[in-house]
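Laboratory data are not the source of any read-out in this text; all were calculated from the coordinates shown. In this text, all values refer to a predicted model and were calculated from it rather than measured experimentally. Positions of Cβ are generated from backbone atoms using ideal geometry, with glycine treated the same way; all protein chains shown enter the neighbour counts.
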Amino acid sequence: MSTPAKWEAVIGLEVHVQLLTQTKMFCGCTNHYGDAPTSHVCPVCLGLPGSLPVPNEEAIRLTLLTGLMLGCTLAPVARFDRKNYFYPDMPKNYQISQYDDPLCAGGQVPLDPFLFPKEIQDTAEAKAGRAIRLTRIHLEEDVAKSFHFEDRSGIDFNRAGTPLMEIVSEADLRTPGEAFSFLGSLRQVLLAGHVSHADMEKGQMRCDVNVSVRPIGQKEFGTKVELKNLNSTSGVRRALTYEIARQITACEKGEAIAHETRRWDDEAGATFTMRTKEKAHDYRYFPDPDLLPVRTDQGLLEAARTRLPELPSVLQARLIQAFGVTAYQASVLGADRILCAYFEKAAAQAKSKATVANWILNDFLSTQPDPATTPILPEFFGELADLVADGTINSAQAKKVFAELMANPASPREIVKRLGLAQISDVSALGTYCDEAIAANPRSVEDYRAGKTNAINALKGFVMKKSQGKANPLQVDEILKAKLSA
Amino acid sequence: MSLAYETIATLRHRLLSKEIHPRDILKDLFTQIDAREKTLHAYTYLNRESALAAAEKTDLSLPLGGIPIALKDNLNALGDPCTCASKILEGYKAPYDATAVSLLRQAGSILLGRTNMDEFAMGSSTENSALGLTRNPWDPTRIPGGSSGGSAAAVAGRIALAALGSDTGGSIRQPAALCGCVGLKPTYGRISRYGLVAFASSLDQIGPLTRTVEDSALLLSVLAGHDPRDNTTDLRPPEKFLTQKNGSVQGLRFGLPKEYFLPGMDSETESAIRSAADWFKKNGATLVDVSLPHTPTAIAVYYILATAEASANLARFDGVRYGRRATDARDVLDLYHRTRSEGFGAEVKRRIILGTFVLSQGYADAYYRQAQKVRALLRQDFEKAFTQCDLLLTPTSPEPAFPLGERTQDPLKMYLADVFTISTNLAGNGAISLPCGFTKSNLPIGLQLIGPRFGEETILRAAHAFEQAHDFFQRLPPS
């Protein structure tokens, strides 16, 4: 798993993101997956002779918004280029993309420590708080989808011409864990801006990885290998872990690393040569003469700016500051904006805000609720936390209230009444219970007085049993101690 | 006299006065076609039945109501073939209307048929058609010019009243000049290219070929305007052209670029152009000597940029989705190779290879990007010239129609046919060609008037004045 101290890996990512637009990138066809093959097509996205592209402004706005969220430099004038290569899933045999003048340049993705793999979140690697620089973000059209059958192939053109945003990182990443966190952290930003659902397993976010190794201290990069067929964030991590080890083993044996594209086979848990890059592909990029340069400074940028959401890092800091949640809780809440809004509503009026987070993130989440549609009002959790805080119920009673809340949603105050759970905090009533306990358990009293302080638990248990669990345990403790030492 | 000899403007008057019916026009045209098409071969396809059916339900209140119009075979018209005179689009039927075609339909015109052209508009003689050559109505042993040679021959040969063509480096104006009709290449962005099969997207422009300047203006008025489907169309509101025809050229300044009058040029052409210039001067215009110093680079720049764009534009013809598909291909790569080897003609292949080369890594800086820089200089030449004059006056073609076959083996010599028209496409300006005389052997000579960008009104006014003061447009080719 970890890289031997002698070597370090150098990793760069190219992430393709499907955008949440109604229509395709250069025509009015619906941008939607899962419908009958080739049902969302027109002369433009089929590349028929004579058809012309017209850019989708919403896709441009979403790309600019992403650039704003990631601190990129946004181009006042951007251009579309043609990338030439023949492939059956590409209707025009060129792809409209951006080469010399992309919409966004620079920027960075701050790595969220809690979006590293669970088991390394406590390591220095995760806690380093690195930010990964971006090279650029550009906009292009997606290709169609090929299906291969026994003796022939089919092409579904529904995806052809849908908007695709490509985010290219600098070769700043050093570990598989960082790559894992990069993808998770980037996804949080994309979700915050409603740019994409960015689910790798659904192909809404796709990732190519470039990786090389070099002896620590060396400035020059090693020969880079491109990895493909990475269909999940954990797949990226596993593939990198394997590939880095493979390269180091080769280097230590004195073998040269081939400049090639390798395919990750998740089942085999290994990478395999796909094609060597000795003959680099010449895409013959040139500005697409069908498309005017895009002026972003005439409204598009302003429109994107008005849609800037609260960024994950800002949101997390505010949650910690305003609600006293832990950094981990802030990361979990930040990762689910609907849950987060639910929490904020729940904690708004509560006195014990941090406890509200515990209830929601530990107890409520374990019931796999849908915070968007649940009949349990968020205010109920604020009430529940306050009932414990003000001593109306104890934590054992609170668990009962929670269970009842899940089964028959109602105000926790009402549930307390309905179940007759209110805690007994009346000193004289408690005193009577304590006297009974002392009278009924002479042995424990003796033990306690002889210095076995644990013996008090038996007395407490008696009181709780007698009071049907309603006695305020803190007060019982105090009263018993006072009576015993009298 | 056969209605096939009339202009659109005249026929519209006669239609509106109920003197004639649209079917009468079609009948006369078909009679002419039956007599002359065998010689001329201007058409690749005729809409005989659908045209006659359409003639029975035309709305004469529309600007082109009842007027049949021919289309160059690279304009998509729903349900009709659109071959681009290439084997690779054999059997292809257009699944949609080009914007220009749809505007013609909306204006009430009848689609007459499809005209021959150089394959994918690559050529200056229409000899590069995979569907047979077209002959010049004035001398059937000569070429009609190209690439819109079918459109020009049909209009000049009185087997079409008007036709649409496309002009990438002179493909409307040069055949118009060589066939003795009026050809207008509008300013880039004036007419939507949506549905025009692209040759070189930054240069292509649709335009009318007509008998008269008035008809040209009539068609331009219908076709011009912003199209949300074409990102490169201009946003200005629609215009009606040549609504006032006072015939005056008083005060107009005509620039004569010295680079367009070279020693050794065809003497009959030169004297016809000089006489035209003199006529304008006699009628109150002034003549100004101007220079477009980068003119000598235009052909080189054009053949780099146009072929570069074409190499990408024609990549889609691969046999996978439509058009011709090679049989018995071993795999997809073999399918590409065979489909394209069998489907494209020699000139198209030559240009695809040239365009691929100039964009290739290691060469793009020296060719493609360098040519883009020179193109900017050419554009500046025109801008500068138009600070000194209102229109440029030049020959359209360095010489009249040349004999069939003369240059088919010499592409470079063929490329020179567009030497006076290419710069206009590179600069994006509009220009017209109209008849200004005939050689001793009775071949038409074309006068080119180039305007500033979106200066079509001035072009049309001056051209109309000249045309109406002469009888060139009334002369008929031998039948």
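Apply the a/c threshold of 1.5 to the C-alpha gyration tensor of region A:59-203 and tell me whether it is rounded, prolate or oblate.
oblate
Normalised by the residues of chain B, what does the relative contact order come to in percent, with Cα pairs under 8 Å and at least six apart?
18
Calculated FRET efficiency, A:Ile320 and A:Glu170, Cβ-Cβ r, R0 25 Å, to nearest 0.05?
0.30
Hey, fewest Cβ within 10 Å first, where do A:Lys127, A:Lys353 land in order?
Least crowded to most crowded, the residues run A:Lys127, A:Lys353.
Where does the charge balance sit around A:Val195 when Lys and Arg score +1, Asp and Glu -1, over other residues with C-beta under 12 Å from its C-beta? Could the numbers behind the result be given before it?
Details: positive: A:Arg61, A:Arg187, A:Arg307; negative: A:Glu58.
Local net charge: +2.
What share of the DSSP beta bridges in chain A is antiparallel, in percent to the nearest 5?
95
Per 0.36 nm of contour for each residue apart, how much would the distance between A:Lys483 and A:Ala354 grow if the chain were fully extended, relative to their Cα-Cα spacing?
Difference between extended and current length: 42.9 nm.
List the chymotrypsin sites (Phe, Trp or Tyr not before Pro) in region A:392-455 that DSSP assigns to loop (not H, G, I, E or B) and whose Cβ has at most 16 other Cβ atoms within 10 Å. Which are they? Don't skip to the answer; put the middle values down first.
Working: sites: A:Phe402, A:Tyr433, A:Tyr448; in loops: none.
Passing both the DSSP loop test and the Cβ count: no residue.
How high is the FRET efficiency between A:His281 and A:His197 when r is their beta carbon distance and R₀ equals 51 Å, given to the nearest 0.05? Please list the in-between numbers first.
Numbers: r = 31 Å, r/R0 = 0.60.
Once the sixth-power term is evaluated, E becomes 0.95.
State, to one decimal in nm, how far the label point of B:Leu16 lies from the label point of A:Lys465, with both points 7 Å from Cα in the Cβ direction.
For the pair B:Leu16/A:Lys465, the computed spacing is 11.1 nm.
Give me a single rounded figure for A:86-94: the average over its residues of other chain Cβ atoms within 10 Å of their Cβ. Could the numbers behind the result be given before it?
Details: counts 8, 4, 6, 1, 4, 4, 5, 9, 5.
Counting other chains' Cβ atoms within 10 Å and averaging over A:86-94 gives 5.
Packing-wise, with mean Cβ within 10 Å as the measure, how do A:336-345, A:264-273 rank, highest first?
Numbers: A:336-345: 18.3, A:264-273: 13.4.
The densest-packed peptide leads the list: A:336-345, A:264-273.
Just to confirm a number: summing +1 for Lys and Arg and -1 for Asp and Glu over residues other than A:Glu14 whose beta-carbon lies under 11 angstrom from that of A:Glu14, what do you get?
Charge balance in the 11 Å sphere: 0.
Apply 1/(1 + (r/R0)^6) to the Cβ-Cβ distance of A:Ala450 and A:Ala429, taking R0 = 25 Å, and write down the FRET efficiency to the nearest 0.05.
The formula returns an efficiency of 0.30 here.
At what distance in nm do the modelled label points of A:Ala327 and B:Asp471 sit from each other, each positioned 7 Å from its Cα along Cα→Cβ?
9.8
Just to be sure I understand: of the beta bridges DSSP finds with both ends in the protein assembly as shown, what percent are antiparallel, rounded to 5?
The antiparallel fraction comes to roughly 80 percent.
Multiply the residue separation of A:Ala422 and A:Thr223 by 0.36 nm, subtract the distance between their alpha-carbon atoms, and state the gained length in nm to one decimal.
Here the answer is 64.7 nm.
From the phi of every residue in region A:207-212, what ³J(HN,Hα) in whole Hz does the Karplus formula 6.51 cos²θ - 1.76 cosθ + 1.60 yield, where θ is phi - 60° and glycine or proline is x?
Computed from phi, the couplings for region A:207-212 are 9, 10, 10, 10, 9, 9 Hz.
Averaged across B:309-322, how many Cβ atoms of other chains sit within 10 Å of each residue's Cβ atom?
Across the residues of B:309-322, the mean count of other-chain Cβ atoms within 10 Å is 6.
Can you pull out the cysteines in chain A that have no other Cys Cβ under 4.7 Å?
If one checks each Cβ against the other cysteines of chain A, A:Cys27, A:Cys29, A:Cys42, A:Cys45, A:Cys207, A:Cys251, A:Cys340, A:Cys434 turn up with nothing under 4.7 Å.
Counting DSSP beta bridges with both partners in chain B, what percentage is antiparallel, nearest 5?
In chain B, approximately 70 percent of DSSP beta bridges are antiparallel ones.
For region B:281-388, state which trypsin sites (Lys or Arg not before Pro) are in a DSSP loop and have at most 14 other beta carbons lying within 10 Å of their beta carbon.
B:Arg330
Just add up the charged neighbours of A:Gln204: K/R +1, D/E -1, any other residue whose Cβ is under 12 Å from the Cβ of A:Gln204.
Charge balance in the 12 Å sphere: +1.
Calculate the spin-label point distance for A:Ser153 paired with A:Ile216, positioning each point 7 Å from the Cα along the beta-carbon direction, and give it in nanometres.
It works out to 4.6 nm between the two label points.
Please average, across the residues of B:87-99, the number of beta carbons from any other chain that are within 10 Å of each residue's own beta carbon, and give a whole number.
On the way: counts 0, 1, 1, 0, 0, 2, 0, 4, 6, 6, 1, 2, 2.
If you average over the peptide's residues, the count of other-chain Cβ atoms is 2.
With a/c under 1.5 counting as rounded, go ahead and sort region B:365-465 into rounded, prolate or oblate using the C-alpha gyration tensor (a ≥ b ≥ c being the square roots of the eigenvalues; past the cut-off, prolate if a/b is larger than b/c, else oblate).
Values: a/c = 3.11, a/b = 1.09, b/c = 2.84.
Note, shape of region B:365-465 comes out oblate.
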